[in-house]
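The values are calculated or read from the model by the stated rules, or taken from the named source; none is laboratory data. Please read these numbers as outputs of a predicted model, since none were measured by experiment. Note: ideal-geometry Cβ built from the backbone for every residue, glycine included; neighbour counts use all protein chains shown. The accessibility values were calculated without ligands, DNA or RNA, using every heavy atom of the protein model including side chains. Shrake-Rupley method; radii C 1.70, N 1.55, O 1.52, S 1.80 Å.
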Amino acid sequence: SDQILTALLPSSISVSTQFNGEPRSYTRFNLTQNMEGENSQVEMKLSSDMDEEVGGNGVGEDHNHAKEPYVVHRPAGRTPKSVCFMVATILLIFIISYLIGYLSHRKKELAPPSCSRSTFEESITQSSVKMEADPLMDWNDVKRLLDEKMSASSFESAFSEFASESHQAGSAGDTVLAKQVMGRFKEYGMYTWTDEHYVKLVDPPASGSNKVTFKGSDLGTLRGYLAYSKTGTAKVIIEQKSILHGNYGQMDDLRKLQDKNIALDGRVLLVRSGKISFAEKVANAAKLNASAVLIYPADDRRIGGSTQLFGHVHLGSGDPYTPGFPSFNHTQFPPVQSSGLPSILAQTITVNMATTIMREIEGKSTPTGWGVVGKLGDNDDMVTVEVNNVLAEKLIVNVFGVIKGFVDPDRFVVMGAQRDAWGPGFASSTVGTSVLVELARTISDMVKNDGFKPRRSIVFASWSAGEYGSVGATEWLEGYLSSLNMKAFSYINLDGVVTGMYSVFDFCTQNALFGFVKWFPLEFMEPLRLNDPAYPFITFSGIPSVSFRFTTEGEEYPFLGTLDDTRDKLYGATSNQVAKLAVSAGQFAGKIALRLVHDHLLRLDVEKYTRQIRTHVFAINSKIKTVQSMQPQLLPKSLSVQWLMSATGSYSRAASSLATEIDNSNLEDAELCRNINDRIMSVERDFLSPYVSPRETPFRHILVGSGSHTLKALSDHLDALQIDHSGANADLFRIQFALATWTIQGCANSLAGEVWSTDNMI
């Protein structure tokens, strides 16, 4: 249409007429080519001004063109009727050309979204995004399509496709599965790419095995092991110490031992699996100067006596030998280690081995309420622990596919599942991978065949090395941190979504809640744990995250982290309902993701944090007064929580103001919605303390993170000051106190919007 119109008319035409010596209005048609090569823009202007001399000067230059405009005068002898006929002809040609251009542009709008590499990557880096037409599909229709397209039979097929007996991270089996997932994404018409990292993983001893002896007798062959336990690359490390039972290895358990006047110094702790992660058990033991930890399966009713346990003991996530930065092959960093690597030995043993030890140890009786009847062990119960694990550098591959949004394609929700496992890993990886791929198939089909147009993009991620502490996912976060926390607005974890029959919604209660699950009963909610794959997304990158699972009420699935995590075991635990439960899990996760990319505004509730902050501030205020009363030499009376309270008030007012602004906003204003969404997305990011190093303290979130910078750590530090503990430091507390205050105030300022809207009372 542009070429037709250009051939017929010059770029700017002015038509002027003069009747009875007085000027009349003229119409100017301004045809300019779009900078992006799209349809022509047509400008029609009316004016009552005319040049004084009709025959001598033109009407005036168009502001977009350097050339003098072409002026059409009324020739001598031409009647007004002929002039009107000429104008009508020009208008007719113009209207026809405009309609051709409009129809051509409309055809482009209705085409399915492009998932090419260039368009997706450009949308991630562009500072502004062209706003397309709003999605037309009603939310109820979106839900109906999702439900209709997911079936138990399709999941049964997916289980068969992605089940594997051996697919440990970095192995040939892991690579085969990666190619299968990639093939499915391509089949669905998605743009796909991979993310490769060279990471340090841990293998069992190349020859022989790790070894545990009790009173001089070898307890048997150990196939299971704990990655990142203290060990040498060539040197054999052996500890021979007396053993002591520590229940689950929680700090409360270990304090009960201290209450019995039992010293942990140099002892080997025997603890059960469950309650907290393996890494936390080992870290707690190390804090109290234990020399080693032996972990055995807690559920001896359902798990076999000879079942071997696998896991890791890195108190963190990602490659512990590149903490805070990505393990790309081209990065040249000096040797460094994560502060979360343990300083003591750790090894798993079987139920039968643990029974042998507990049957023969002496000492004091176990505390009431532990659920373990027997003795704790005394100084004559000697155990030798030998660990020979091998550290190896391996290539791991993350696989991605994307469905691009139509309005804000550079904003996206991420759905992810780990692909690797210690053994068959049916519950830990196969089911999650199947849910991920089935959601990709379903939503792609909705876009291509049913006219669904998501406002924002959906990224599907298949992670490797999840069993070693979310290594693949964390390396991706570290590699693209600066862009992800501005672009990714939510992460939905699909690992372990089916481990039993009943529903438990497991998520971080301090997180900005998804608005449409506010009705979920609180008794089914629990905080994210350190070993949850979603944990680094919120605590390291500031991305709101959620995990959920179907599980049998009151029971943990005992086969995770074992070679018995098979299809038969999971089908037995769910009365053969795995496929149906996977459909429910897929529909639940899919509706979270689709609602986040369908609505004008992100359904994240930033006001939820107000109550969390106030709870912490109330506790800190009370404890400061107690310390000032009991230990006045440590905290002077001049130290006040006034400024922390002011920062809390600033955040509360900013959150309430944003809620009011949302209620009164025009949701059809795309730029306004984008601005509000950016402010909502900034909350989690701004709660990451800017005063600690991502390398030394990766989980920087002051509310749900881990480290001395958190509000919980401030409260714990005051407890230590109250008893004048040797590890307490009043000056360090005051620094942490001030920095936490400014972190909250900075978050409030960002949430308020423009700099002139900030409510800075400090």
- Note on the structure: Listed by first then second residue, the pairs whose first member lies in region 551-576 and is free of Cβ contacts under 8 Å to residues at least 24 places away in the same chain, whose partner is of a type in the set (S, T, N, Q) and open to solvent by 50 Å² or more (accessible area, probe 1.4 Å), with beta carbons under 9 Å and at least 6 positions apart or on separate chains, are Tyr571/Gln577
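For Ser462, indicate whether it is under 30 Å from Val313 (Cα atoms), touching a Lys or Arg at 6+ places or on another chain (Cβ under 8 Å) and not β-branched (Val, Ile, Thr).
Criteria met by Ser462.
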- Confirm whether Asp686 is surrounded by fewer than 17 Cβ atoms within 10 Å (Cβ to Cβ) and among the charged types (D, E, K, R). no
- Take the residues in region 255-285 that are open to solvent by 30 Å² or more (accessible area, probe 1.4 Å) and among the aliphatic types (A, V, I, L, M), then tell me which one is farthest from Asn210 (Cα to Cα). Ala263
- Message: Quick check on region 415-424. Is at least one of its residues at pLDDT 95 or above, within 30 Å of Phe214 (Cβ to Cβ) and surrounded by fewer than 24 Cβ atoms within 10 Å (Cβ to Cβ)?
- Response: yes
- Scanning region 544-572 residue by residue, those modelled with pLDDT under 95 and in contact with a Pro (Cβ under 9 Å, 6 or more places away or on another chain) turn out to be Ser545, Ser547, Pro558
- Is it the case that Ala298 is surrounded by fewer than 22 Cβ atoms within 10 Å (Cβ to Cβ) and touching a strand residue (DSSP E or B) at 6+ places or on another chain (Cβ under 6 Å)? yes
- Query: Taking region 440-466, which residues are part of a helix (DSSP H, G or I), more than 30 Å from Tyr198 (Cβ to Cβ) and in contact (Cβ under 8 Å) with a residue 12 or more places away in the chain?
  - Reply: Arg441, Thr442, Ile443, Ser444, Asp445, Met446, Val447, Lys448
- Here is a list of conditions, (1) part of a helix (DSSP H, G or I); (2) closer than 25 Å to Leu146 by Cα, and Leu484 meets all of them except one; can you say which number that is? (2)
- Query: If you check Ile396 against the conditions, is it open to solvent by less than 10 Å² (accessible area, probe 1.4 Å) and within 18 Å of the chain's Cα centre (by Cα)?
  - Reply: no
- Task: Would you mind stating whether Asp252 is charged (D, E, K, R), touching a helix residue (DSSP H, G or I) at 6+ places or on another chain (Cβ under 6 Å) and surrounded by fewer than 24 Cβ atoms within 10 Å (Cβ to Cβ)?
- Result: no
- Do you know which residues across region 709-728 are buried (at least 16 other Cβ atoms within 10 Å of the Cβ) and outside any helix (DSSP H, G or I)? His709, Thr710, Ala728
- Task: Within region 212-232, track down each residue that is under 20 Å from Ala354 (Cα atoms) and either of a type in the set (Ser, Thr, Tyr) or open to solvent by 80 Å² or more (accessible area, probe 1.4 Å) (or both).
- Result: Thr213, Lys215, Ser217, Asp218, Thr221, Arg223, Tyr225, Ser229
- Message: Looking at Ser483, Ser429, Ser457 in this structure, which one is touching a Lys or Arg at 6+ places or on another chain (Cβ under 8 Å) and either under 23 Å from Val176 (Cβ atoms) or open to solvent by 10 Å² or more (accessible area, probe 1.4 Å) (or both)?
- Response: Ser429
- Message: Regarding region 593-606, can at least one residue be identified that is in a loop (DSSP other than H, G, I, E, B) and either open to solvent by 50 Å² or more (accessible area, probe 1.4 Å) or at positive phi (or both)?
- Response: yes
- The listed residue being assigned to a loop (DSSP other than H, G, I, E, B), out of contact with any Asp or Glu (no Cβ under 7 Å at 6 or more places or on another chain), hydrophobic (A, V, I, L, M, F, W, C) and open to solvent by less than 10 Å² (accessible area, probe 1.4 Å), out of Leu635, Leu570: Leu635
- Note on the structure: Taking region 349-374 and keeping only residues that are part of a loop (DSSP other than H, G, I, E, B) and of a type in the set (D, E, K, R), one is left with Glu362, Lys364
- Item | Condition met for Ile238 (modelled with pLDDT under 95, crowded, with 20+ Cβ neighbours inside 10 Å and of a type in the set (A, V, I, L, M, F, W, C)) | no
- Message: touching a residue at least 40 places away in the same chain (Cβ under 8 Å) and either surrounded by fewer than 20 Cβ atoms within 10 Å (Cβ to Cβ) or part of a strand (DSSP E or B) (or both): is that true of Asn289 in this structure?
- Response: no
- Task: Answer yes or no as to whether Gly590 is more than 18 Å from Gln418 (Cβ to Cβ), of a type outside the set (Lys, Arg) and open to solvent by 50 Å² or more (accessible area, probe 1.4 Å).
- Result: no
